[in-house]
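Visitor: Got a structure for you, written out below as structure tokens; questions coming shortly.
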Amino acid sequence: MSLSCQRCQQAKATVHVTDTIPEKRERHLCESCAEKEGIIVKQQYQTTNEILQQFIKHKTGLGQSDDLTCPQCGLTFREFQTKGHLGCPNDYSAFAAALTPLIERAHEGATHHVGKVPPTAGEGVTRETGLLRLRRTLQEAIDDEDYERAARVRDEIKTLETGN
């Protein structure tokens, strides 16, 4: 059974898209309609940077946030959409409203990278990774002079180290 395009209702659907935000929705489109919606770009060879640029444009919406400019490096949001990379660390703050959905999607809902442990890693690697993370949290609590949190984290470290 072949599906027909849900947009034009005429051509055979060859592009199948599953949107998950804001809710799960499947769409079946022909190549022409998918191209019109910006889902695919008919081009024989695309570099990784070009693919990233298309993704950024699609996810952030063209024209939206065009007037944003980083006060530190002068990069505009439009330039970011075109180039596919930021100009300085301050750009994350300057473009926060437009970048947050991209970052959340790339990090499976998180707004910052927390790393991953391979599923095949042994229990020892997972334990060591947890200890490193806790020690970093302990140091942050001490730096912030949050001694109650530091004591709780210290106790977690001791528990993990002794294996109880």
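The values are calculated or read from the model by the stated rules, or taken from the named source; none is laboratory data. All figures in this text were calculated on a predicted structure; none of them were measured in a lab. Accessible surface areas use protein heavy atoms only, side chains included; no ligands, DNA or RNA. Shrake-Rupley method; radii C 1.70, N 1.55, O 1.52, S 1.80 Å.
Visitor: Can you run phi through the Karplus equation (6.51, -1.76, 1.60; θ = phi - 60°) for the stretch 15-25 and list ³J(HN,Hα) in whole Hz, with x for Gly and Pro?
Guide: 10, 10, 10, 10, 8, 10, 10, x, 9, 5, 8
Visitor: Taking 0.36 nm per residue of sequence separation and subtracting the Cα-Cα distance, how much length would be gained by fully extending the chain between residue 36 and residue 49, in nm to one decimal?
Guide: Stretched fully, the residue 36-residue 49 segment lengthens by 2.6 nm.
Visitor: To the nearest 10 square angstrom, how much accessible area does residue 78 have with a 1.4 angstrom probe?
Guide: Probe radius 1.4 Å; accessible area of residue 78 about 100 Å².
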